Amino acid sequence: MASTARSSSTLLKRFLATRLNQSRSVTYMPRPGDGAPRAVTLIPGDGIGPLVTGAVEQVMEAMHAPVYFEKFEVHGDMKAVPPAVIESIRKNKVCLKGGLATPMGGGVSSLNVQLRKELDLYASLVNCFNLPGITTRHDNVDIVVIRENTEGEYSGLEHEVVPGVVESLKVITKFCSERIAKYAFEYAYLNNRKKVTAVHKANIMKLADGLFLESCREVATKYPGIKYNEIIVDNCCMQLVSKPEQFDVMVTPNLYGNLVANTAAGIAGGTGVMPGGNVGAEHAVFEQGASAGNVGSGKEVEEKKANPVALLLSSAMMLRHLQFPAFADRLETAVKRVILEGQYRTHDLGGTSSTQEVVDAVLDALN
């Protein structure tokens, strides 16, 4: 009898496990009309941009995702972002973009920076995490870098005082420091994150970075359930490459965030697989998370072997932002399955696949 009871118990557990695996949880309760397709501004950009944005278009079409794209040609050598593009983003509230090349020197401003300032996209978010199937030096990496996007060293206030002497002003304000700190703590609170780390150089820039830290400390007192600590940026870089698993959410001024996000991306698998976006109170622009190499090399463009994973994952973030979580989950699951299986990978992940071969594998995984 005991043997029969144990056998029955085992069968019951298997049955329940099967039922649980087959059940679907309610992830989002839409309001009437929420399923209407949403317009998204699309900027293919320069270099590998058209390749990877084309990959997203194919996947969205295959999923029958409730979005459609308004496409605009914008290139980094333009003097300014065309007014029609800004108007489209203001109307649609959401944009997906490939990389825009930024000319070095010569007084030409970055169109990426112009977009952020014009639309007040004050928070840049890059999620750097280990993807199963990609071998990295460190495990258990899951870092979110939240970077102030509108001031600091990127203020663009530069002038030549006398020939051979240039002044470049770093601007830090209480208003911008407080709102990026609030965004970081709110993100941590809503996403069940446990710790926020402020990155600074207040030991040297006592007033500017001191103001940033003061703002972070004030906001931290309003979130007692989230641990808060601070780290000097040079020590932060050393800790990132030696023990990155200690970090959770990081909040930074503008320049430090760029450096920290790219370092964290390199640790977790490379810039080709890290999603990200820029968000403000009204608008959001999603793009490859880490900026290094975001327009790729001429060889990647010529051979059509750019890695589309980062922008595919960024587009999943976009779908979640648009409140289409089931489509986002489906896309992320398909991309992660392709990476885990390892048969189709671009050169940066140790493979030889083309962009289209990776896209085709993702399309197969969606079925």
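The values are calculated or read from the model by the stated rules, or taken from the named source; none is laboratory data. Predicted model, so just to flag it, every value in this text is computed and none were measured. Here Cβ is always computed from backbone atoms with ideal geometry, including for glycine, and neighbour counts include all displayed protein chains. Accessible surface areas use protein heavy atoms only, side chains included; no ligands, DNA or RNA. Shrake-Rupley method; radii C 1.70, N 1.55, O 1.52, S 1.80 Å.
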Taking segment 353-367 and keeping only residues that are in a helix (DSSP H, G or I) and more than 18 Å from residue 51 (Cα to Cα), one is left with 364, 365, 366
Could you tell me which of the residues 166, 219, 241 is assigned to a strand (DSSP E or B) and over 19 Å from residue 150 (Cα atoms)?
166
Filtered residues of segment 329-352 (kept if within 22 Å of the chain's Cα centre (by Cα), in a loop (DSSP other than H, G, I, E, B) and touching a residue at least 40 places away in the same chain (Cβ under 8 Å)):
346
The condition from (1) at pLDDT 95 or above; (2) open to solvent by 20 Å² or more (accessible area, probe 1.4 Å); (3) within 25 Å of residue 120 (Cα to Cα) that residue 169 misses is numbered (1)
Residue by residue through segment 193-213, note down the ones that are farther than 13 Å from residue 226 by Cα and open to solvent by 30 Å² or more (accessible area, probe 1.4 Å).
201, 203, 204, 205, 206, 207, 211
When you scan segment 101-120, do you find a residue that is under 26 Å from residue 246 (Cβ atoms), open to solvent by 10 Å² or more (accessible area, probe 1.4 Å) and without any contact (Cβ under 8 Å) to a residue 24 or more places away in the chain, even just one?
no
Given the conditions (1) surrounded by fewer than 18 Cβ atoms within 10 Å (Cβ to Cβ); (2) charged (D, E, K, R); (3) closer than 19 Å to residue 99 by Cβ, and given that residue 300 satisfies all but one, which numbered condition is not satisfied?
(1)
What number of residues in segment 135-163 are surrounded by fewer than 19 Cβ atoms within 10 Å (Cβ to Cβ) and assigned to a strand (DSSP E or B)?
10
Looking for something part of a strand (DSSP E or B) and either modelled with pLDDT of 90 or more or crowded, with 22+ Cβ neighbours inside 10 Å (or both) - is there at least one such residue anywhere in segment 172-192?
no
Could you list, in sequence order, all residues of segment 55-71 that are over 16 Å from residue 95 (Cβ atoms) and either open to solvent by 20 Å² or more (accessible area, probe 1.4 Å) or not aliphatic (A, V, I, L, M) (or both)?
58, 61, 62, 64, 66
Select from segment 245-265 the residues that are out of contact with any Ser or Thr (no Cβ under 9 Å at 6 or more places or on another chain) and either open to solvent by 10 Å² or more (accessible area, probe 1.4 Å) or among the aromatic types (Phe, Trp, Tyr) (or both) and list them in ascending order.
245, 255, 256, 263
